[in-house]
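Presented below is the structure to which this report refers.
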Amino acid sequence: RKVAGLTKKVPYYIGLKNQPLFFLPGLYSVAKLPDEHGEVQEVWTFTILTRKANSVMAQIHNGGENENRMPLMLPLAMSKQWAQEDLTEESYKAILDYEMPEDELTFHTVDTIRSPKERPDGKAKNEFFEWGKVSDILV
């Protein structure tokens, strides 16, 4: 989250209130391409699907390349549908149009998540971290 007066963005831990894990649907591709020696190699690429942010995520993703975007978060039933090989066009569209309701999200500020170093207070990376003057998001 971009906060006025801070040079770095404030990281958040995001989860679902009623589901210990959530799923991020994605797409992948495997292309057979020649390398610099002309030998064919498999090149794997993937992407995580995103959508317009709900009101909570718009406040967290409020700057930078992914401003006002959020990952497409799915509840378990839709995740199982996404993984099916025979997904119908109607089901596919319903999944892509799904917006995780903001009242189902749980979130709080954390210390940096991009470093393998332990937190200075010895707590787990996903535990709450106080960022001083940064106020909580009001939904």
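What the table below lists for this structure:
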{"quantity": "Residues satisfying the stated conditions in the stretch 79-92, i.e. free of Cβ contacts under 8 Å to residues at least 24 places away in the same chain and within 17 Å of GLY26 (Cβ to Cβ)", "calculated": "LYS80, GLN81, ALA83, GLN84, GLU85, LEU87, SER91, TYR92"}
{"quantity": "Any hit, the stretch 102-124, residues being at pLDDT 90 or above, surrounded by 12 or more Cβ atoms within 10 Å (Cβ to Cβ) and part of a helix (DSSP H, G or I)", "calculated": "yes"}
{"quantity": "Residue among ALA77, ALA31, ALA53, ALA58 that is under 25 Å from VAL3 (Cβ atoms), out of contact with any Lys or Arg (no Cβ under 7 Å at 6 or more places or on another chain), open to solvent by less than 80 Å² (accessible area, probe 1.4 Å) and of a type outside the set (Val, Ile, Thr)", "calculated": "ALA58"}
{"quantity": "Selection within the stretch 34-50 - closer than 26 Å to GLU65 by Cβ and open to solvent by less than 80 Å² (accessible area, probe 1.4 Å)", "calculated": "VAL43, THR45, THR47, LEU49, THR50"}
{"quantity": "Selection status of LYS17, more than 21 Å from ARG114 (Cα to Cα), in contact with a strand residue (DSSP E or B) (Cβ under 6 Å, 6 or more places away or on another chain), open to solvent by 50 Å² or more (accessible area, probe 1.4 Å) and of a type in the set (Lys, Arg)", "calculated": "yes"}
{"quantity": "Scope the stretch 89-115; condition farther than 19 Å from PRO11 by Cα and of a type in the set (Asp, Glu); matching residues", "calculated": "GLU89, GLU90, ASP97, GLU99, ASP103, GLU104"}
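The values are calculated or read from the model by the stated rules, or taken from the named source; none is laboratory data. Fair warning: this is a prediction, and the values are worked out from it, not measured in the lab. When we count neighbours, we look across all protein chains shown, and the Cβ atoms used for this are built from the backbone with ideal geometry, even at glycine. Accessible surface is based on the protein model in full, side chains and every heavy atom, while ligands, DNA and RNA are left aside. Shrake-Rupley method; radii C 1.70, N 1.55, O 1.52, S 1.80 Å.
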